[in-house]
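See structure below.
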Amino acid sequence: MRHIVISGASRGPGAALAQGFATLGTRLFLTARSAEALAKVADLCRDAGSEVEILACDIRDPVSLAPALTAFDDAEPVDLIIANAGASAGSSLEGEPGRSRSTYRSHHSCSKEARLLPLAAGVCASSAAAAAGGAF
């Protein structure tokens, strides 16, 4: 069984990835800010055959994330972390650069916590614009 952490798992790509991995019999640790939406995704994943733990939190808050992530890893080592939390603000400098920076901090926070674990793999789902420096 694979052990996978997905941040931003309450909707969009995070929810789709969680549901896709659930069909493979994985053990999932899902995070998102919306407890209600996260619980719905978790139920779908359980119905598909996955063991699921959830944590409704802002992943930029290590006080919430670090102990829960460590406990999940202690129970069974994590194989993959998908740092998907955040919202796109586009690539325009005329947009909301503060929001883009917040998205980067969300990805970075999850990635930073992931460094605590001996992982097989990690994915940071971030925009190409942010990686190229377009929004900063």
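The values are calculated or read from the model by the stated rules, or taken from the named source; none is laboratory data. As the structure is a prediction and not an experimental result, all values here were calculated from the model. Ideal geometry is used to build each Cβ from the backbone, glycine not excepted, and the neighbour counts take in all protein chains shown.
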So how many residues does the range 2-58 have that are surrounded by fewer than 19 Cβ atoms within 10 Å (Cβ to Cβ) and at positive phi? 3
Given the condition modelled with pLDDT under 95, assigned to a helix (DSSP H, G or I) and charged (D, E, K, R), answer yes or no: does some residue in the range 4-23 qualify? no
I'm trying to understand the selection: among the residues of the range 63-87, which are in a helix (DSSP H, G or I), loosely packed, with under 15 Cβ neighbours inside 10 Å and not small (Gly, Ala, Ser)? 63, 67, 70, 74
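Quick one: which of 53, 76 is touching a Phe, Trp or Tyr at 6+ places or on another chain (Cβ under 9 Å), at pLDDT 80 or above and not aromatic (Phe, Trp, Tyr)? Talk me through it step by step, then tell me what you get.
Working: 76 fails: touching a Phe, Trp or Tyr at 6+ places or on another chain (Cβ under 9 Å).
After ruling out the rest, the residue left standing is 53.
In a loop (DSSP other than H, G, I, E, B) and touching a residue at least 12 places away in the same chain (Cβ under 8 Å) - does that describe any residue in the range 28-38?
Step one: of the range 28-38, the residues in a loop (DSSP other than H, G, I, E, B) are 33-34.
Narrowing further to those that are touching a residue at least 12 places away in the same chain (Cβ under 8 Å): 33-34.
Among the residues of the range 28-38, at least one is in a loop (DSSP other than H, G, I, E, B) and touching a residue at least 12 places away in the same chain (Cβ under 8 Å), which makes the answer yes.
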Check the range 37-45 and report whether any residue there is in contact with a helix residue (DSSP H, G or I) (Cβ under 6 Å, 6 or more places away or on another chain) and within 18 Å of residue 76 (Cα to Cα). no
